[in-house]
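A short write-up of the structure that comes next.
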Amino acid sequence: MMNLLRRNDLRRIAVLVLCLAFALAAVALADEQIDRYAEVFDPSQDAGRLTARFLQLTTRSDDKSGDATILISPDGFVMMIDAGNPSTYPDIDRALKSLGITRIDYLVASHPHVDHIGGFAQLIYNYDIGAVYTSEVEYPTSHYNNYMRAIEETQVPHIILAEGDSFMFGGHVLVEVFHPAPGIEYYQGYPENSTQFVNNLSLAMKLTYGESSFLFCGDLYTAAERDLVARHGERLKSGVVKVNHHGANTSSTKRFRDAVDPQVAVMMHDAIADLMTYRSWQRMGAQTFVTSIDGAVLVSTAGDGEYFILTQFDRNSGLLN
Ligand SMILES: [Zn+2]
């Protein structure tokens, strides 16, 4: 009798230990991030689609990492809009190499701040560049001068864009420029205290492929957003938006959000810049992503107004949902 009881107790303990081991293993598995970098940067499904890959950059200095987006047209042309802080260049290089890209047909600078043009000089020296596209704003700093020198030395064409311009990205994607207006007036003492001035001169570009569209407006602040809505209104409506100024509360006015009315909003930043701004896009029905949480984000469309989305990481907590 005693032996039987003891055997039953032992069995019960063994079952408990096993359950505990399974539970611990489940917790360990849940905590382990599944990294889909290879899938996000796998170009094998890209043909016939317009794809945008919003990079997660990791700063290796005190500066913020910045913006970088790689777009591939349905016919295989490559556009890069912005290229992060100089210290993030290894991330940009890795992404391009993973995609098998050796030539960037359109290298676009939204504006000449270091967290947007930091990688330009290295890209221009290391990759085959079709042309560099910028606004006419000049910004005499060392990083700006470096990439202007790179353009000069490599004799890459430099195309200046302004409101009213449009061009084709490959044979199927129309690019329209909404901002800034031609003829920039610099104030006395420029570039001193020019952060807001330069941000408000960011290129605003809409890429349209059939019924699908993407809007990129760099680091525009509220004043320029209001101006943009007043001048272009309905034309700003886009399926996907790169959220202005990394999702900071300097930007994303209600008027601008209402005009764009996107299905997908992506913020590139090292953190959530402002929770209210994040929520404001989410509450209007946009699927909202932040590269600091979701990792790199792939948005791909066949031009039918539908968007396939793949993020590098799953979200561990539901706090942001
Ligand atoms: Zn920026």
Exercise. At what distance in nm do the modelled label points of Ala181 and Ser142 sit from each other, each positioned 7 Å from its Cα along Cα→Cβ?
Worked result: 3.7
Exercise. In the chain, what percentage of the DSSP-assigned beta bridges are antiparallel, given to the nearest 5?
Worked result: 60
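222 nm [θ] for the chain, helices only, -39500 (n - 2.57) per DSSP H run of 4+, per residue, to 500?
Numbers: 11 runs with 104 residues, N = 321.
After summing the helix terms and dividing by the residues of the chain, the value is -9500 deg cm²/dmol.
At a Förster distance of 22 Å, what's the computed FRET efficiency of Lys237 paired with Met276, Cβ-Cβ distance as r, to 0.05? Can you show the working numbers first?
On the way: r = 23 Å, r/R0 = 1.06.
Working from the Cβ atoms, E equals 0.40.
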Exercise. So how much slack lies between Glu152 and Met284, counting 0.36 nm per residue of separation and subtracting their Cα-Cα distance, in nm?
Worked result: 43.0 nm
For this session: Calculate the length of the line joining the C-alpha centroid of the range 43-90 to that of the range 253-321, in whole Å.
Result: 16
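Kindly rank 106-119, 53-66 from highest to lowest mean number of other beta carbons found within 10 Å of each residue. Kindly include the intermediate steps, with their values, before the conclusion.
Values: 106-119: 25.2, 53-66: 20.8.
My ranking of the peptides, most packed first, is 106-119, 53-66.
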Exercise. Counting Lys +1, Arg +1, Asp -1, Glu -1, what net charge surrounds Met148 among other residues with beta carbon under 14 Å of its beta carbon?
Worked result: -3
Exercise. Among the helices of the chain (complete DSSP H runs), which have Cα atoms covering no less than 24 Å along the helix axis and a Kyte-Doolittle mean of at least 0.5?
Worked result: 2-31
Exercise. Where Lys and Arg each count +1 and Asp and Glu each count -1, what net charge lies around Asp67 among other residues with Cβ under 14 Å from its Cβ?
Worked result: -3
For this session: For Phe167 paired with Asp42, estimate the spin-label separation in nm (one decimal), with each label point 7 Å from Cα along the Cα-to-Cβ line.
Result: 3.3
Problem set entry | Estimated distance in nm for a label pair at Gln33 and Asn126, the labels positioned 7 Å out from Cα along Cα-to-Cβ | 2.2
For this session: With springs only between Cα atoms under 10 Å apart, run a GNM on the chain and tell me which of Thr222, Thr291, Thr51 wobbles the most.
Result: Thr222
For this session: Please give the net charge around Gly295, taking every other residue with its beta carbon less than 14 angstrom from that of Gly295, where Lys and Arg add +1 and Asp and Glu add -1.
Result: -2
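Computed from the coordinates by the stated procedures, all read-outs in this text should not be read as laboratory data. Just so it is clear, the structure is predicted and the values come from calculations on it, not from any experiment. Cβ sites come from the backbone with ideal geometry, for glycine too, and all protein chains shown count toward neighbours.
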